[in-house]
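The next block holds one structure in the form of structure tokens; read it before the comments.
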Amino acid sequence: MTYLTKLASPLGPLSLASDAEAVTGLWLEGQKYFAAELEADTEERPDLPVFRQAEAWLDAYFAKWDLPPLPPLAPRGSEFRQEVWKLLREIPFGETTTYGALTERLKAAGIPASPQAVGGAVGHNPISILIPCHRVVGADGSLTGYAGGVGKKRFLLELEGADLSRFYIPKRGTAL
């Protein structure tokens, strides 16, 4: 059984999924690969403690307050994707890395990888924001590859105070 809820955010509605113990999905409205891993058997349960914990974290994040502990996370994916998503959680708040840098870290750990494979895993991250795939940028100075849209990626990085001076930033008129 998969449980669902929706939360409001500065980026628009967020959809969350859980197995009752951990967050298994968090998607922005209109996100590419939205709810790709959801089972057919779902139930709305906004009262789940894990959803309340996720909401408290997200409220603090968007308000720029001290962050409470993350709720338990249980993204579903291949062993390779799990390794990539683990690296994403290690990118510090307000900092960025590249697909190539993640590839090199995987190779150093003995895991065969290419920037394209890493990009695929980053793009299929089922728990946006909490697993910070928005902190991965292109080696060419572009804010690229965000399933929620480049405007939303820019918003999240600016919210975190990331130094974006070396990156190509779409004009402010770009829709979130």
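What to note about this one:
- Against the numbered list (1) modelled with pLDDT under 95; (2) open to solvent by 40 Å² or more (accessible area, probe 1.4 Å), Gln31 comes up short only at (2).
- Being farther than 20 Å from Ser9 by Cα, in a loop (DSSP other than H, G, I, E, B) and more than 13 Å from the chain's Cα centre (by Cα) holds for only one residue in Ala101, Ala40, and it is Ala40.
- Count of region 55-75 residues which are under 18 Å from Arg89 (Cα atoms), small (Gly, Ala, Ser) and assigned to a helix (DSSP H, G or I): 1
- Among the residues of region 79-112, the ones that are over 23 Å from Arg154 (Cβ atoms) and touching a residue at least 40 places away in the same chain (Cβ under 8 Å) come to 2 in all.
- Looking across region 111-120 at every residue that is in contact with a helix residue (DSSP H, G or I) (Cβ under 6 Å, 6 or more places away or on another chain) and under 14 Å from Thr144 (Cα atoms), the one that is most open to solvent (accessible area, probe 1.4 Å) is identified as Pro115.
- Within region 121-154, the set of residues being among the small types (Gly, Ala, Ser), buried (at least 23 other Cβ atoms within 10 Å of the Cβ) and part of a helix (DSSP H, G or I) comprises Ala121 only.
The values are calculated or read from the model by the stated rules, or taken from the named source; none is laboratory data. Because the structure is a prediction, the values reported are computed rather than measured. So basically every Cβ, Gly included, is an ideal-geometry build from the backbone, and we count neighbours across all protein chains shown. Only protein heavy atoms, including side chains, enter the accessible area calculation; ligands, DNA and RNA are left aside. Shrake-Rupley method; radii C 1.70, N 1.55, O 1.52, S 1.80 Å.
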